[in-house]
Amino acid sequence: MLEATAPDGRIAFLVRSSGTDEVSYSLELVLRGGAPGALPLMCLIRYARPDGRLRDLLVPVVQGPVGPGASYVRLPDFRIGTSWTASLSVPVGLESDWDAEMVTASIGAALNETTREAWRRVREHVGDGLRGVIDGALR
């Protein structure tokens with residue numbers, strides 16, 4: 001397991017391996033000190049794939065009613081030893097503008113219903129174009 005914390009201390013990142021024959025990796029984002037009902041926060045995770053190309057995943061996190069908010073995603077093609085970065089968490093709003101393919105791939109990487117629910121909360125705060133992309137990816 002690999003653990004890191006954002007410079008502002010609001011988000012903890014935990015990279016885990018799973019599988020026995022073919023190792024795969026996942027990432028859990030844990031929100032520290034969020035307020036229930038606050039806007040969803042978004043982090044951009046970027047890492048190098050084995051072929052050298054970069055992969056970007058958007059990971060939303062929402063404070064739950066009890067305990068810290070957390071999201072859990074698959075990291076396709078991630079390998080320990082490759083470089084990776086995470087942006088500071090930023091509130092989602094009408095000005096949020098992401099590439100449709102990246103949003104679709106990011107939603108597809110969600111590993112649990114809590115993360116999918118975070119995307120539903122994101123949907124409430126973005127423009128119509130992104131709402132349609134999110135709706136399509138959540139089906």
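We did not get these values from a lab; they are worked out from the coordinates using the rules stated. Quick caveat, the model's predicted, so the values are computed rather than measured. When we count neighbours, we look across all protein chains shown, and the Cβ atoms used for this are built from the backbone with ideal geometry, even at glycine.
Assorted remarks:
- Within the range 61-80: backbone nitrogen closer than 14 Å to the Ser17 label point (7 Å, Cα to C-beta): 78-80
- Per residue Cα convex hull volume in Å³ - calculated over the chain: 116
- With Cα atoms, 0 to 90° folded angle of helix 128-138 axis to the chain main axis: 50
- Gyration tensor (Cα) of the range 1-71, equivalent ellipsoid semi-axes in angstrom: 25, 14, 11
- Taking each DSSP H run with n ≥ 4 as -39500 (n - 2.57) and averaging over every residue of the chain yields -6500 deg cm²/dmol at 222 nm.
- Counting 0.36 nm for each residue step from Ser87 to Asp128 and taking away their Cα separation leaves a gain of 12.3 nm.
- Candidates Val15, Leu54, Leu39 compared by Cα position along the dipole of the range 5-92: farthest toward the positive end lies Leu39, with charges placed on Cβ.
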